[in-house]
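**Student:** Take this structure, written in structure tokens, and hold onto it; I'll ask about it next.
The values are calculated or read from the model by the stated rules, or taken from the named source; none is laboratory data. What you see is a predicted model, and the numbers here were worked out from it, not measured in a lab. In this analysis, Cβ positions are derived from the backbone assuming ideal geometry, glycine residues included, and neighbour counts consider all displayed protein chains.
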Amino acid sequence: MSNVRVHRPFLSAVVIAAAFAAIGSLSACRGSHQQDANADAARSVYVPVGKWDKYYAFLSGGQAGTVLVYGIPSGRLIRSIPVFEPRAQYGYAIPGTKTYEMLKASGPLWGDSHHPALSETNGDYDGRWLYINDKANTRVARIDLKRFETAAIATIPNFQAAHGTSVVPPDTKYVIVNGEFLAEPDKSHGVDVAAYKAGMAFLDPITLQTRFEVLVPGNCDINDASKDGRWAFSTDYDTEKGLSVEDMIRNDEDAIAAIDIPAAEEAISKGEFTSMGGTKVIDPTRTTKKVLYMIPVPKNPHGCDVSPDGKYVAASGKLSPTVTLIDISKIDKVKNLRDAIAAQPEVGMGPLHTTWDGRGNAYTSLFIDSQIVKWNVARAVAGDPNYVIDRMDVHYNPGHTYAALGRTRHPSGDYLLALNKLSKDMFIPVGPSMPESQELIDISGDKMRMLLDFPAEPEPHDAAFIRVSDLAPKVAQVEQPGPDAIAEGKSRIEQVGPHEYHVYMTVIRSKFGLDAFTVHQGDKVTITLSNIETVKDMTHGFALEDYGINLAIDPGQTREVTFIADKPGTHWYYCTWFCSALHLEMRGRMLVETAGQQEAHR
């Protein structure tokens, strides 16, 4: 017994030590597994120096009115494209330039960009144009991807809040823009709620001219189009025409609005429209052929997404835990539009947007659950209770989610981006407002795998990916000089009126075509600059001190600015893009003479 008493504590210590050793070994094993998983994720997103990402992702810049371009899978910020705000960095919308006049003519010098949409040919992205809306000022813009520059901006007549944006497949026949907020269509500043309307505008993809509009009851939210180009869809909330939150969620159902595009075009050809705001507007209740179908879905739906095979359009519930799948082929064939609903799978709390992997699976963002849920479409339609395949927590509250090429006929099925609204604890505090959190997820296997998080300026709403291999051949880095280009040796100043001068200058590494030129106080001055470089990535700048002017002139490009020379004295101009070892020496002088100096020279 004494031996037992003596050795019992020793035995207990041995057992306890062994237990702790086992726990430590298990913790070390788990830590090792986590390190291996982290290393594997890092390898998956690593893009070596000098190599390209697989995709470029275009994210809306939210209140900045820009489009942010990220490399995927690296998460590297490639470029910020100014659209609805001036940007001196690229000489965009600087007073006195054509881009300034374009932006100013369309509305305020800021915007709220939400939903990027890429042009398509044969139902796949073609790398020509990117469209982006401005919700705050009811505008839409076309970005030329040959130059990654805003080429056109147009205001949508009659509606307020251009929200959802999409193109009509397969060949970008129209750009569809939703007018979200209920308002008087002719903007006559009425206050009669009964007269308020919302609807969808159909724009020419090049000019952005509104070809026609279709009135829709309720607030048009997000839109998409069928793969054959026949149908335009929009989730439609506040069919109650409520002005308070309580009134806007009073009914248990709202709708998916389905517009038969050929029927709308026929109505236009028959003259079954009203002219409002210089645009042909269709009231679907006054056409001989049915144009609008309102398919009931749970109240206050949000996301509107057509599956890659063109069979279904999905409406996410927002205030319902379900996604409603509508069989597009049945819309104009059933007597009761509820019979067009193929399934309403329950996916979780706060579903907002659905995207696709091309293998029959859907991915829905859950705002309240802070998750992405993967579910199988065929199983949901067949009534198989095992339609949910996987769930992944994200950080936090995802809005949009987008799988690579998810809006085309051929999604890639490799990456998915969760655009999250909150990033608390992910970054050190940078003030009350934190960066937005974007998380990249591998969806190539049965289970989703988190790869990367990266921040973005507030507030990206949506994204669109395009393969870099499809885009790269179409981007111009050296342009063919246009008819207005200045040839080498032809820099000069010309007087074109009593108080007006036109300065023509070439720019090339280390030198402007003119070292100096003289004008007079109060003169109108136009400066045209041609970059005569013939190599890629040799951009030059032109900053004129005290005049708020900065231009960026890419190889082969010609830029122009006009201003009043109202400040007498010497004003240096210099190159703002570091271009050579003699970059600091690349400068010149604008001499602005007073009336007295002019007399002295006579």
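**Student:** Suppose we filter segment 203-219 for residues that are of a type outside the set (A, V, I, L, M), modelled with pLDDT of 95 or more and either buried (at least 24 other Cβ atoms within 10 Å of the Cβ) or touching a Pro at 6+ places or on another chain (Cβ under 8 Å) (or both); how many remain?
**Tutor:** Initially, segment 203-219 is screened for residues of a type outside the set (A, V, I, L, M), giving 204-205, 207, 209-213, 217-219.
From what's left, modelled with pLDDT of 95 or more: 204-205, 207, 209-213.
Still in the running and either buried (at least 24 other Cβ atoms within 10 Å of the Cβ) or touching a Pro at 6+ places or on another chain (Cβ under 8 Å) (or both): 210, 213.
The qualifying residues number 2.
**Student:** Another question about this same structure. For the list (1) touching a Gly at 6+ places or on another chain (Cβ under 9 Å); (2) surrounded by fewer than 19 Cβ atoms within 10 Å (Cβ to Cβ), I need the number of the one condition that residue 381 fails.
**Tutor:** Single failed check for residue 381: (1).
**Student:** Applying the selection to segment 550-580, what residues are more than 34 Å from the chain's Cα centre (by Cα) and either part of a loop (DSSP other than H, G, I, E, B) or under 23 Å from residue 482 (Cβ atoms) (or both)?
**Tutor:** 566, 567, 568, 573, 580
**Student:** Determine, yes or no, whether residue 239 is closer than 30 Å to residue 365 by Cα, part of a loop (DSSP other than H, G, I, E, B) and not small (Gly, Ala, Ser). Walk me through it before giving the result.
**Tutor:** On the way: closer than 30 Å to residue 365 by Cα: yes; part of a loop (DSSP other than H, G, I, E, B): yes; not small (Gly, Ala, Ser): yes.
Criteria met by residue 239.
**Student:** Within segment 384-422, take every residue that is closer than 28 Å to residue 458 by Cβ and charged (D, E, K, R) and give me the one that is surrounded by the most Cβ atoms within 10 Å (Cβ to Cβ).
**Tutor:** 407
**Student:** Please state which one of 470, 453, 425 is in a strand (DSSP E or B) and of a type in the set (Asp, Glu).
**Tutor:** On the way: 470 fails: in a strand (DSSP E or B); 425 fails: in a strand (DSSP E or B).
So the residue among 470, 453, 425 that is in a strand (DSSP E or B) and of a type in the set (Asp, Glu) is 453.
**Student:** If you take the residues of segment 31-55 that are surrounded by 12 or more Cβ atoms within 10 Å (Cβ to Cβ) and part of a helix (DSSP H, G or I), which of them is modelled with the highest pLDDT?
**Tutor:** Taking the candidates together, the pick is 45.
**Student:** Considering only segment 220-253, how many residues are of a type outside the set (Ser, Thr, Tyr) and more than 26 Å from residue 406 (Cα to Cα)? Quick ask: steps written out before the conclusion?
**Tutor:** Let us first name the residues in segment 220-253 that are of a type outside the set (Ser, Thr, Tyr), namely 220-225, 227-233, 236, 238, 240-243, 245-253.
With the extra rule that they be more than 26 Å from residue 406 (Cα to Cα), the set shrinks to 238, 240-243, 245-253.
Qualifying residue count, segment 220-253: 14.
**Student:** Does residue 384 satisfy the condition of being part of a helix (DSSP H, G or I) and among the charged types (D, E, K, R)?
**Tutor:** Numbers: part of a helix (DSSP H, G or I): no; among the charged types (D, E, K, R): yes.
No; evaluated as a whole, the condition is false for this residue.
**Student:** While we're looking at this one, here's another question. Scanning for something assigned to a loop (DSSP other than H, G, I, E, B), closer than 21 Å to residue 90 by Cα and in contact (Cβ under 8 Å) with a residue 12 or more places away in the chain, does segment 491-509 turn up at least one residue?
**Tutor:** Taking segment 491-509 and keeping what is assigned to a loop (DSSP other than H, G, I, E, B), we get 491, 498-499, 509.
When the remaining residues are screened for being closer than 21 Å to residue 90 by Cα, the result is 509.
Narrowing the set further to residues that are in contact (Cβ under 8 Å) with a residue 12 or more places away in the chain leaves 509.
Yes; the residues of segment 491-509 include at least one that is assigned to a loop (DSSP other than H, G, I, E, B), closer than 21 Å to residue 90 by Cα and in contact (Cβ under 8 Å) with a residue 12 or more places away in the chain.
**Student:** I'd like the full set of residues that are assigned to a strand (DSSP E or B), within 21 Å of the chain's Cα centre (by Cα) and not hydroxyl-bearing (Ser, Thr, Tyr), limited to segment 361-381. Please lay out each step first, then the result.
**Tutor:** The first filter runs over segment 361-381 and keeps only residues assigned to a strand (DSSP E or B), leaving 361-366, 371-376.
With within 21 Å of the chain's Cα centre (by Cα) added as a condition, the list becomes 363-366, 372.
Within segment 361-381, 366, 372 qualify.
**Student:** While we're looking at this one, here's another question. For the structure I just gave you, tell me whether residue 316 is touching a residue at least 40 places away in the same chain (Cβ under 8 Å), surrounded by fewer than 21 Cβ atoms within 10 Å (Cβ to Cβ), out of contact with any Cys (no Cβ under 6 Å at 6 or more places or on another chain) and not hydrophobic (A, V, I, L, M, F, W, C). Quick ask: steps written out before the conclusion?
**Tutor:** Numbers: touching a residue at least 40 places away in the same chain (Cβ under 8 Å): yes; surrounded by fewer than 21 Cβ atoms within 10 Å (Cβ to Cβ): no; out of contact with any Cys (no Cβ under 6 Å at 6 or more places or on another chain): yes; not hydrophobic (A, V, I, L, M, F, W, C): yes.
Taking the combined requirement at face value, the residue does not satisfy it.
**Student:** Let me ask something else about it. Might you let me know whether segment 239-253 holds any residue that is under 27 Å from the mean Cα position of the chain (by Cα) and of a type in the set (A, V, I, L, M)? Reasoning before the result, please.
**Tutor:** Going residue by residue through segment 239-253, those that are under 27 Å from the mean Cα position of the chain (by Cα) are none.
Checked segment 239-253: no residue is under 27 Å from the mean Cα position of the chain (by Cα) and of a type in the set (A, V, I, L, M).
**Student:** Hey, any hits in segment 591-600 for a residue that's in a loop (DSSP other than H, G, I, E, B) and either closer than 22 Å to residue 476 by Cβ or in contact (Cβ under 8 Å) with a residue 60 or more places away in the chain (or both)? Can you show your working first?
**Tutor:** So the first thing to find is which residues in segment 591-600 are in a loop (DSSP other than H, G, I, E, B), and the list is 594.
Now restrict to residues that are either closer than 22 Å to residue 476 by Cβ or in contact (Cβ under 8 Å) with a residue 60 or more places away in the chain (or both): 594.
Yes, segment 591-600 contains a residue that is in a loop (DSSP other than H, G, I, E, B) and either closer than 22 Å to residue 476 by Cβ or in contact (Cβ under 8 Å) with a residue 60 or more places away in the chain (or both).
**Student:** Looking only at segment 451-460, decide whether some residue is modelled with pLDDT of 95 or more and in contact with a Phe, Trp or Tyr (Cβ under 9 Å, 6 or more places away or on another chain).
**Tutor:** There is at least one residue in segment 451-460 that is modelled with pLDDT of 95 or more and in contact with a Phe, Trp or Tyr (Cβ under 9 Å, 6 or more places away or on another chain).
**Student:** Right, next: Got at least one residue in segment 261-276 being in contact (Cβ under 8 Å) with a residue 60 or more places away in the chain, assigned to a strand (DSSP E or B), of a type outside the set (Val, Ile, Thr) and closer than 20 Å to residue 203 by Cβ?
**Tutor:** We begin by selecting, within segment 261-276, every residue in contact (Cβ under 8 Å) with a residue 60 or more places away in the chain; these are 261, 264, 273, 276.
Keeping just the survivors that are assigned to a strand (DSSP E or B) gives 276.
Right, trim to of a type outside the set (Val, Ile, Thr) and you get 276.
Next, only the ones that are closer than 20 Å to residue 203 by Cβ stay: 276.
Within segment 261-276 (the criterion being in contact (Cβ under 8 Å) with a residue 60 or more places away in the chain, assigned to a strand (DSSP E or B), of a type outside the set (Val, Ile, Thr) and closer than 20 Å to residue 203 by Cβ), the answer is yes, since at least one residue qualifies.
**Student:** Let me ask you something else. Report, ordered by the first and then the second residue, all pairs with beta carbons closer than 7 Å, sequence separation of six or more or different chains, a first member in segment 424-449 that is exposed (fewer than 10 other Cβ atoms within 10 Å of the Cβ) and of a type outside the set (Asp, Glu), and a second member that is modelled with pLDDT under 90 and assigned to a loop (DSSP other than H, G, I, E, B).
**Tutor:** Pairs that qualify, where the first residue is exposed (fewer than 10 other Cβ atoms within 10 Å of the Cβ) and of a type outside the set (Asp, Glu) and the partner is modelled with pLDDT under 90 and assigned to a loop (DSSP other than H, G, I, E, B), are 433/458.
**Student:** Turning to a different aspect of this structure: Please identify the pairs in which a residue from segment 322-334 that is touching a residue at least 60 places away in the same chain (Cβ under 8 Å) and part of a loop (DSSP other than H, G, I, E, B) has its Cβ atom under 8 Å from the Cβ atom of a residue that is surrounded by 14 or more Cβ atoms within 10 Å (Cβ to Cβ) and among the aliphatic types (A, V, I, L, M), counting only partners at least 6 apart or on another chain.
**Tutor:** Listed pairs, sorted by first residue: 331/258; 331/295; 331/337; 331/340.
**Student:** Okay, moving on. How many of the residues in segment 543-580 are without any contact (Cβ under 8 Å) to a residue 24 or more places away in the chain and among the hydrophobic types (A, V, I, L, M, F, W, C)? Let's see the steps before the verdict.
**Tutor:** Taking segment 543-580 first, the residues without any contact (Cβ under 8 Å) to a residue 24 or more places away in the chain are 569-570, 578.
So of that shortlist, the ones also among the hydrophobic types (A, V, I, L, M, F, W, C) come out as 578.
So the count comes out to 1.
**Student:** Provide a single number: the residues in segment 248-267 that are over 11 Å from residue 298 (Cβ atoms), touching an Asp or Glu at 6+ places or on another chain (Cβ under 6 Å) and not hydrophobic (A, V, I, L, M, F, W, C).
**Tutor:** 1
**Student:** Sort out which residues of segment 209-256 are over 16 Å from residue 318 (Cβ atoms) and among the small types (Gly, Ala, Ser), and write them in order of number.
**Tutor:** Listed by number, the residues that qualify are 225, 226, 229, 232, 244.
**Student:** So which residues in segment 67-92 are farther than 22 Å from residue 406 by Cα and in a strand (DSSP E or B), if there are any at all?
**Tutor:** The first filter runs over segment 67-92 and keeps only residues farther than 22 Å from residue 406 by Cα, leaving 79-92.
If the condition is that a residue be farther than 22 Å from residue 406 by Cα and in a strand (DSSP E or B), then 79, 80, 81, 82, 87, 92 are the ones that fit.
**Student:** Continuing with the same structure: So, in segment 513-541, exactly how many residues are within 20 Å of residue 89 (Cβ to Cβ), crowded, with 22+ Cβ neighbours inside 10 Å and either touching a residue at least 60 places away in the same chain (Cβ under 8 Å) or hydroxyl-bearing (Ser, Thr, Tyr) (or both)?
**Tutor:** Filtering segment 513-541 for residues within 20 Å of residue 89 (Cβ to Cβ) gives 527, 529, 531, 533, 536-541.
Narrowing the set further to residues that are crowded, with 22+ Cβ neighbours inside 10 Å leaves 527, 529, 531, 540-541.
Add one more test, that the residue is either touching a residue at least 60 places away in the same chain (Cβ under 8 Å) or hydroxyl-bearing (Ser, Thr, Tyr) (or both), and what stays is 541.
Number of matching residues: 1.
**Student:** Can you find even one residue in segment 473-489 that is within 30 Å of residue 357 (Cα to Cα), outside any loop (DSSP other than H, G, I, E, B) and either under 33 Å from the mean Cα position of the chain (by Cα) or among the acidic types (Asp, Glu) (or both)?
**Tutor:** First, pick out the residues of segment 473-489 that are within 30 Å of residue 357 (Cα to Cα): 473-475.
When the remaining residues are screened for being outside any loop (DSSP other than H, G, I, E, B), the result is 473-474.
Still in the running and either under 33 Å from the mean Cα position of the chain (by Cα) or among the acidic types (Asp, Glu) (or both): 473-474.
Checking segment 473-489: at least one residue is within 30 Å of residue 357 (Cα to Cα), outside any loop (DSSP other than H, G, I, E, B) and either under 33 Å from the mean Cα position of the chain (by Cα) or among the acidic types (Asp, Glu) (or both).
**Student:** Pull out all pairs, ordered by first then second residue, where Cβ-Cβ is under 6 Å, the residues are six or more apart or on different chains, the first lies in segment 41-58 and is among the β-branched types (Val, Ile, Thr), and the second is in a helix (DSSP H, G or I) and modelled with pLDDT of 95 or more.
**Tutor:** That search, which allows pairs on different chains as well, returns nothing.
**Student:** Of the residues 408, 401, which single one is at pLDDT 95 or above and either basic (Lys, Arg) or more than 19 Å from residue 74 (Cα to Cα) (or both)?
**Tutor:** Numbers: 401 fails: either basic (Lys, Arg) or more than 19 Å from residue 74 (Cα to Cα) (or both).
Matching residue, one of 408, 401: 408.
**Student:** Oh, and also: Kindly indicate which of 358, 348, 310 is assigned to a loop (DSSP other than H, G, I, E, B) and touching a helix residue (DSSP H, G or I) at 6+ places or on another chain (Cβ under 8 Å). Please lay out each step first, then the result.
**Tutor:** Numbers: 358 fails: touching a helix residue (DSSP H, G or I) at 6+ places or on another chain (Cβ under 8 Å); 348 fails: touching a helix residue (DSSP H, G or I) at 6+ places or on another chain (Cβ under 8 Å).
None of the other options fit; the residue is 310.
**Student:** Among the strands (runs of 3 or more DSSP E) lying completely within segment 139-233, list those that include at least 2 residues that are closer than 18 Å to residue 274 by Cβ.
**Tutor:** Once the strands (runs of 3 or more DSSP E) in segment 139-233 are filtered for at least 2 residues that are closer than 18 Å to residue 274 by Cβ, what remains is 175-183, 197-203, 210-216.
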